[in-house]
Every structure is written in structure tokens, then in C-alpha cells.
Amino acid sequence: MRLKRFLPSLLLLVSYQTQATTYYVNAAASGTNTGLNWANAFTDPQVALSIAIPGDEVWVAAGQYKPTTTTSRTVSFVLRNGVNVYGGFAGTETSLAQRDIASNPTVLNGDIGALGDNTDNSHNVVTANNITTNIVLDGFRIMNGYSGSAYRGGGLSATNCLGGSLLIRQCSFINNYATGYGGGLYLAAANVTVDQCEFIGNSTDNSGGAICDGNNNGGYSNLTILDSKFTGNVAYSGACLYNSVDYQNLVIDRCVFTNNTSDNSIIRIEYFETAWILNSYVIGNSVDGFSSNILYVNSISPTEDFQMINCTIADNVNVYGFPLQDEAVRLEETYHAIHNCIIYGNTRYAGRQVNTAPTITNSIVEGGHVGGTNIIDLDPEFTAPNGSVTANFDATAYDYTLQFTSPAVNSGDNGFVLPSNTFDLAGNTRIQGGVVDMGCYESDFSVGSNALSDQAPSWYFSAQEQAIRLVEIPTQRNGRLEVIDLSGRVHARVVMQGNVVPLDLPTGLYLATLNGYQALKFVVAE
């Protein structure tokens, strides 16, 4: 009987001990520093991380936090199994949804030594090693890491994490450096997702200025990068991304790569099982080498699946001062594929935007592509691009969406829009107007039998009559009408004598001009 009375108390004790705890951190806290509420928060995240157990959370208010108060460069913020860590709090919130991350910068800063001297900074600001559960790092600015020759990943190093996964969300990696690999983020045998992050001004003397996967440690990494921006990153090879060993899966979706610099490449991908780049742009970057590429992909087996779908690679530049040998985009194998993309205006690569090996369909490629299917060699007509590209620049200051008259509008292949990736770079729904656009942005322009130009005079293509009809004509009599297809072939060139021009055209998408400037796009259906 005594044992029966004791059991409820024992169960209550076990339940209490296993209940998850939220630990609070605020550099400005002045209470008892128990870490159990904002008023009595810890002042150092290291204290919370040292006592947290699986299921606990650590909430960190705005402020500057360094891995150590000493000058020991080997000390990092060490992520723990089963413990999610969140920043971006003002210090009063009771739920994650109340955070305003932009207004409450929570900085993990590796500048532990003499201010202004990066060489005495932390080797790794954050580390995640031997993680066997799913954990989250969310809402931080990770900056000023400086990995020496024996270290990798100045901002964050994630190794041997295949038993679990690390989600890095709403974080900024700023001004981190590595002598060898992975200025911002280094991963080896790790499952990592990067979501809504920025990589700004990270660098390395070798490979992977922003991100590097450099050693499989007996396992293959899985890396997913979503809705993130890379700008101002620098490396000898792979200013934004570099891998030298196998990925099992690599996915890049809705990302911006702009204003980065490298001797050799901006994105370099070698050896993988599956690698997809989707709905992203690579614009305004520069390389400096005789045989350098903006994007380089290599693999060793025809079972490896590389696809680039609905991406824009444009207005990048190779500033090397002598004749060039290579292409802006170089994919080494015929089983590497490009679909619904725009590759145009990459300077000093005239006539060599893409090498001959890859399979390319339904894309704008400056200079064309031998053996491609539905390749258009026309100006994509971006809304407001940089008109003079001689060096790297920030493409976000320009507008690389499509004009109504762009040959890329409604010219892609819907079959390559993956069910799990139905949004463009701006978050708009893919496939508007019935046919997907080429490139990273989807327009809301629709074309069809009743398409109208937004410029006077009003005119349209009548599917019933198989003719172009002008609604208003008095000032357009004797106007010069020209109709071309997406390859640039002229199908009609007439002088207007009335308000109806009969046409005999095969099925396809056409562009008509009146007096050389008023444009009408229309579809001839079966």
C-alpha cells in the first residue's frame, strides 16, 4: 500500500524533470540571472548552452555576444543535441511569433581580441558537431570569425551531423574568413538547411567564400539553400559555393547571387547524386581568370542528376585582361541539363555563354546552343538591367523582371516546373498565362487569341480569322508590320493597307512589330 501511494509522486517528479525548459539570455539583464525569465535572464548564451538538455530552447535578446571573455580562439558557441536556439528578441516576448528580428539584432561576434585585428578572432564563432537530432539556429548575425590554417568555417562549422539535421534560418553570416575552406559556413558529413539567410562579405584564400563542403568524413552531406542572398563574398574558387567531395543531395531554390568576386568561379559543384538549382539568379558577379566560369559543374557518373530550371545567369563579367578560353556556364557532361533558363549578356564570353556538352531546352542563350531544343537567341528584354557591365555590381539595384514584349514570357516548358517548386524568385506563383516563363521571374502577362498591346493603336491577333486586326488605324495607314517567331525568323513583312492582315502561320509563339517599335505577342494554337 505504501508503494502505491508513492507511485503518483514519482511519476509527477519524472514528468517535471523531463518537461522542456526555455532559457532566456539578455546582455542587459540585471536580475538574479537564473535564466528562467527575461527579468532574470542569463547575460551569456554560453551559460544557457552549457546546461540545456534535449527539448529545451534558448531565447537570446538583442545584443553583442562573444564566445569567450578571454583571447582563446578555440572557444565557440557549441550547439547541443535537441536544443533549438533563437535570437531576435527585444526581451519581453512570450512567443517566437512576437519577434522582430530586424529591429533586434542578436550578434554572435568572433572579434574576441584586439578590435580591428581579425587575425586574433575566434576560429569558429559557432560549431555543431556530432548532432544526432534535428536542431534549429534562428535569428542571429554571425560575424567576424577567422579560421586559421587548421580550421574551417569561420562563421559556423557543422561536421558529422548525419544522424540529425541543422536548420539555419533567418541568419546573416557577415565578414567571416577562412584561410582554407568555408569563410561563412563549412559542412562535412552533415545535413544542413539554410533558409532565409544572407551571406555578406565572407571570404577565403582558397575555396567557398560563403559556403564549402570540403570533406565527407565518411559520409555525404545533404545541403538545401532556400530563399537566401549571397553578396560581396570572395574566394579563389566558389565565391558563393564550393564542394570538393560528394553531396548526396544539393538543392538551391529562390536564391540571389550578386556582386561576388572570384579568380575561378562563383558557384562550383563537383560530385553529387542530385544537384538542382531552381528559380534563382546569378547576376553582377565577376571572375578574373583565363579559364574561369560563373557556374561550373562536374561529376563522375551518368547516374548523377544535375538540373538548372528557371534560372537567370546574366550580366556577369570576366575581367581577365587577355583572350579567354572558357564559357560563362560550363557543365561537363551531356546528362547535365538546363531548362527554362536565361543565359545572356555575360561579358567577354561573346559567343560562348555555355559550352556544348549540356542538354538545354526552352531557354534564351545568347549566341544559341548547338543541339538545343527551342533555344532563343534574342535579348530577353529585362525591365531595367544594368546597361554597362564592366565590373561586378549589386543587381538588386536594378530590375531583372521581364517586360511584356520579352521573348521569355510564356515560352518555357510546364513539364519542368516541379510540383514542390511552384514559386518564382519573388514568391509569385509559377505558370501564369497558361505557360511558364523562362528565367527566375514569372510575369503576370498573359498572351493568347485576344492579347492586346498596351500601346495605341489597339490591335490584337484574331484566332478565328487567323489575322492581326487593328481597332484604330487612321494614323497607321501604310505602317510597316513585321511578324517573327522566337528564333528571330521573319514570317511576314507587309505594309498596312487596311485594318486586317491575314496570316498563315504554324503553331507557335510570335512577336509582331508595327513601325519597328509597337510590339504585340500572340500565340497560334493548333
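Annotations for the structure displayed:
- Per-pair calculated FRET efficiency, R0 = 35 Å: Gln325 and Asn414 via Cβ, rounded to 0.05: 0.40
- Order by protection proxy (mean Cβ within 10 Å, highest first), peptides 423-430, 112-119: 423-430, 112-119
- Once the chain from Thr334 to Thr94 is taken as fully extended at 0.36 nm per residue, the excess over their C-alpha distance is 81.0 nm.
- Once Rg and the Kirkwood radius are both taken over the C-alpha atoms of the stretch 83-225, their ratio Rg/Rh works out to 0.98.
- Each part gets one Cα centre, and for the stretch 397-412 versus the stretch 271-328 those centres are 21 Å apart.
- Lys, Arg +1 and Asp, Glu -1 on Cβ, resulting dipole of the chain about Cα centre, debye, nearest 20: 1300 debye
- Taking label points 7 Å from Cα along the Cα-to-Cβ direction, Leu167 and Thr429 give a separation of 2.6 nm.
- Backbone N under 20 Å from the Asn160 label point (7 Å along Cα→Cβ), restricted to the stretch 77-97: 77-83
- Ellipticity at 222 nm from helices only: DSSP H runs of n ≥ 4 in the chain, each -39500 (n - 2.57), divided by the residue count, give -1500 deg cm²/dmol.
- P(r) tail fraction, the stretch 128-212 - alpha-carbon pairs more than 20 Å apart, %: 26 percent
- Stretchable slack from Ala150 to Ser103, in nm (0.36 nm times residue separation minus alpha-carbon distance): 13.3 nm
- FRET efficiency for Ala525 and Thr69, using Cβ-Cβ distance with R0 set to 45 Å, rounded to 0.05: 0.05
- The stretch 166-252: C-alpha gyration tensor shape, a/c 1.5 cut-off, then a/b vs b/c: oblate
- Positive-end residue, the chain charge dipole about Cα centroid, Cβ charges, pick of Val83, Ala467, Leu187: Val83
- Taking the longest Cα principal axis of the chain as reference, the axis of helix 2-18 is set at about 50 degrees.
- Thr507 paired with Glu381, simple spin-label distance in nm, labels 7 Å along Cα-to-beta-carbon: 2.4 nm
- When +1 charges are put on Lys and Arg Cβ atoms and -1 charges on Asp and Glu Cβ atoms, the dipole computed for the stretch 227-347 relative to its Cα centre reaches about 360 debye.
- FRET efficiency estimate (nearest 0.05) - Cβ-Cβ, Glu482 to Asp394, R0 41 angstrom: 0.65
- Farthest positive-ward along the chain dipole, Cα basis, beta-carbon charges - from Thr261, Ile200, Gly155: Gly155
- Full-stretch length increase - Leu36, Asn130 - with 0.36 nm per residue and alpha-carbon distance subtracted: 31.1 nm
- Antiparallel DSSP beta bridges within the chain, as percent of all bridges there, nearest 5: 20 percent
- Average projected area [Cα convex hull, the chain], square nanometres: 32.6 nm²
We did not get these values from a lab; they are worked out from the coordinates using the rules stated. Keep in mind it's a predicted model, so treat the numbers as computed, not measured. Glycine gets a Cβ as well: all are built from the backbone with ideal geometry, and neighbour counts include every protein chain shown.
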